[in-house]
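The values are calculated or read from the model by the stated rules, or taken from the named source; none is laboratory data. Predicted model, so just to flag it, every value in this text is computed and none were measured. Here the Cβ positions follow ideal geometry from the backbone for every residue, glycine too, while neighbour counts run over all protein chains shown. When the accessible area is computed, the model is the full protein with side chains, heavy atoms only, and any ligands, DNA or RNA have been set aside. Shrake-Rupley method; radii C 1.70, N 1.55, O 1.52, S 1.80 Å.
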Amino acid sequence: MQALQLKQTFKTNISDIYALTGDDEGMILFALEKFYALIPADTREYCVQKFEGNDIVQDDVIASLSYPSMFGDRRLVIVKDFNKKLTMAETEKWLDYVDNTVEGNILILVNCPTIKNAINQYVVDVDCNKMGLIDYVNYIQTLFNFYKVKYDKSALSEIVNRCNKDFGKINNEVNKLMIYAGSEIEIDRQVIDYIVATDTETQVFEFIYAIQDGRYDKAMGIIGVLLSRGDKPSMILATITLTFKRMFAIMTNEGDEDFLCERLGMKKGALFMTKKKIDEAKRRVSGFLTKLKDAVYYLYQLEYDFKSGKISQDSALDLAITHLMGKTYAK
């Protein structure tokens, strides 16, 4: 099945084992979010266990699947990017597991071909490969029709092309477009040019929004996508710093949209979305302006430490992420 069908499928049936396979990281993140949504947010950290890479021990994974959930009815065990050949003994242990599954436990294999092949007849396949242009356009059109959003059909391919057929980015940008347009504004090429960016800055905005919403898995997934496509940690850190600087400037400066756009080097669409997210954060986060100011100072210090050779660019980015998540902007 396609990853897009997961939510609908869950309404009637939830299987014990799923295999997510494909090259679209955004689609994989989208699919994983549908699984996370099966578990209440307040117990999720206790009900999700992850294993990644070829160094994982199969016995540890199988053992984790034998534990029932301590909270609620479900528990997720996610195994990612394991492609080593299984021994005969390991294969037999996996076959023994599928004959003795624990009710409520869901195993999710993400690009794990050898485990999947060993228990293939028990696995539900989920296709997470990049789709064709027409498939993405049809997806966007379906969403716009469902939410009664006005749009110029001939302009929809522009969204896909600007997002380089990255489903995660397409999904984020489509949500931004719907928030901006509401039920009155038609989404055409001009609106798309205002709202949908084509660079790292867009992904960094989504990273910050995810932290503010407490969706830390999504935030780390976005950073993973940026790094995997070749963005340097120093560039990501610089963009995070610039974004927080802009947010602080928007909160502390008077002026109309044209003035702020010119001063901050932002498109009107990006300014609109940033203001909206700031308003949401101010209502939810106690002392948001003070925390924002602290974040800006801390990020500037990290950039200075990296540029002066005190720490590496990887360490600087790791410290920035840890600091921002530790500030609990979602609370």
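Brief remarks on what is shown
- Residues of region 111-127 satisfying the condition of being of a type in the set (S, T, N, Q) and not in a loop (DSSP other than H, G, I, E, B): 114, 117, 120, 121
- Residues of region 38-48 satisfying the condition of being in contact (Cβ under 8 Å) with a residue 24 or more places away in the chain and open to solvent by 20 Å² or more (accessible area, probe 1.4 Å): 38, 40, 41, 43, 46, 48
- Scanning region 110-154 for residues that are aliphatic (A, V, I, L, M) and closer than 19 Å to residue 37 by Cβ, we see that the one that is surrounded by the most Cβ atoms within 10 Å (Cβ to Cβ) is 126.
- So residue 134, is it more than 21 Å from the chain's Cα centre (by Cα), farther than 21 Å from residue 277 by Cα and β-branched (Val, Ile, Thr): yes
- Any hit, region 265-281, residues being part of a helix (DSSP H, G or I), touching an Asp or Glu at 6+ places or on another chain (Cβ under 9 Å), under 17 Å from residue 201 (Cβ atoms) and at pLDDT 85 or above: no
- Which numbered condition residue 184 fails, given (1) part of a loop (DSSP other than H, G, I, E, B); (2) charged (D, E, K, R); (3) in contact with a helix residue (DSSP H, G or I) (Cβ under 9 Å, 6 or more places away or on another chain): (3)
- Residues that are among the hydroxyl-bearing types (Ser, Thr, Tyr) and under 22 Å from residue 305 (Cα atoms) within region 212-237 comprise just one, 234.
- Qualifying positions in region 83-100 - open to solvent by less than 100 Å² (accessible area, probe 1.4 Å) and hydrophobic (A, V, I, L, M, F, W, C): 86, 89, 94, 95, 98
- Taking region 282-291 as the range and being at pLDDT below 80 and either in a helix (DSSP H, G or I) or more than 17 Å from residue 213 (Cα to Cα) (or both) as the test, the residues that pass are 282, 283, 284, 288, 289.
- Single residue of region 227-241 satisfying the filter (open to solvent by 80 Å² or more (accessible area, probe 1.4 Å) and part of a helix (DSSP H, G or I)) that is nearest to residue 200 (Cα to Cα): 235
- Residue 257 being under 26 Å from residue 177 (Cα atoms), at pLDDT 70 or above and more than 19 Å from the chain's Cα centre (by Cα): no
- Residues considered: 78, 62. Of these, the only one that is surrounded by 12 or more Cβ atoms within 10 Å (Cβ to Cβ), under 17 Å from residue 218 (Cα atoms) and out of contact with any His (no Cβ under 9 Å at 6 or more places or on another chain) is 78.
- Screening residue 6 on (1) open to solvent by less than 70 Å² (accessible area, probe 1.4 Å); (2) over 23 Å from residue 139 (Cα atoms) shows it passes everything except condition (2).
Residues checked against (1) part of a helix (DSSP H, G or I); (2) touching a residue at least 12 places away in the same chain (Cβ under 8 Å); (3) among the aliphatic types (A, V, I, L, M):
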{"residue": "73", "(1), (2), (3)": "no, yes, no"}
{"residue": "93", "(1), (2), (3)": "yes, yes, no"}
{"residue": "102", "(1), (2), (3)": "no, yes, yes"}
{"residue": "109", "(1), (2), (3)": "no, yes, yes"}
{"residue": "129", "(1), (2), (3)": "no, yes, no"}
{"residue": "134", "(1), (2), (3)": "yes, no, yes"}
{"residue": "144", "(1), (2), (3)": "yes, yes, no"}
{"residue": "148", "(1), (2), (3)": "no, yes, no"}
{"residue": "158", "(1), (2), (3)": "yes, yes, no"}
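- The set of residues from region 187-210 being within 27 Å of residue 244 (Cα to Cα), open to solvent by 10 Å² or more (accessible area, probe 1.4 Å) and part of a loop (DSSP other than H, G, I, E, B) comprises 197, 198, 199.
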